[in-house]
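Report on the following structure.
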Amino acid sequence: VQLVESGGGLVQPGGSLTLSCAASENIFNFNEMGWYRQAPGEQRELVATINVGGRTNYADSVKGRFSISRDNAENTVYLQMNSLKPEDTAVYYCAARRVTGNYDYWGRGTQVTVSS
């Protein structure tokens, strides 16, 4: 299984970005998919998840600003990020798991930098 992220870049504070995660197989095969991020010197942390039924979950730090969604026909999961802050700067990773527990598959990540 391959997960390929895209859409990262440099954006000013208050700006928006949309990240995409394209899967190499039907995303209905995964119980859950999610976005994680890791800032320099920090541990990887949960950003948002979406399960096969469409239920979503968000880290408190991004609630109301970020939105996760899925396009089953395109086997792609998106992360819409609005009102970006410098503290959102990190490498963002897409992940997928077939059952509950640890994630089975990870992408290579895409860099998001929020700076003026």
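The values are calculated or read from the model by the stated rules, or taken from the named source; none is laboratory data. Computed from a predicted model, the values in this text were never measured in an experiment. Using ideal geometry, Cβ is built from the backbone for each residue, glycine included, and neighbour counts are taken over all protein chains shown. With ligands, DNA and RNA removed, areas are computed over all heavy atoms of the protein, side chains included. Shrake-Rupley method; radii C 1.70, N 1.55, O 1.52, S 1.80 Å.
Laid out as a table, the results:
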| quantity | calculated |
| --- | --- |
| Matching residues in the stretch 99-116 - criterion: being among the hydrophobic types (A, V, I, L, M, F, W, C) and surrounded by 13 or more Cβ atoms within 10 Å (Cβ to Cβ) | TRP106, VAL112, VAL114 |
| Residue within the stretch 66-75 that is open to solvent by 40 Å² or more (accessible area, probe 1.4 Å), of a type in the set (Gly, Ala, Ser), in contact with a strand residue (DSSP E or B) (Cβ under 7 Å, 6 or more places away or on another chain) and at pLDDT 95 or above present | yes |
| Count of residues meeting criterion [out of contact with any helix residue (DSSP H, G or I) (no Cβ under 8 Å at 6 or more places or on another chain) and either within 18 Å of ASN29 (Cβ to Cβ) or open to solvent by 60 Å² or more (accessible area, probe 1.4 Å) (or both)] in the stretch 84-98 | 6 |
| Matching residues, the stretch 45-60, being assigned to a loop (DSSP other than H, G, I, E, B) and either without any contact (Cβ under 8 Å) to a residue 24 or more places away in the chain or open to solvent by less than 30 Å² (accessible area, probe 1.4 Å) (or both) | GLY53, GLY54, ARG55, ALA59, ASP60 |
| Among the residues listed as TYR36, TYR78, TYR93, TYR103, the single one being in contact (Cβ under 8 Å) with a residue 24 or more places away in the chain and outside any strand (DSSP E or B) | TYR103 |
| Selection status of GLU42, open to solvent by 50 Å² or more (accessible area, probe 1.4 Å) and modelled with pLDDT of 95 or more | yes |
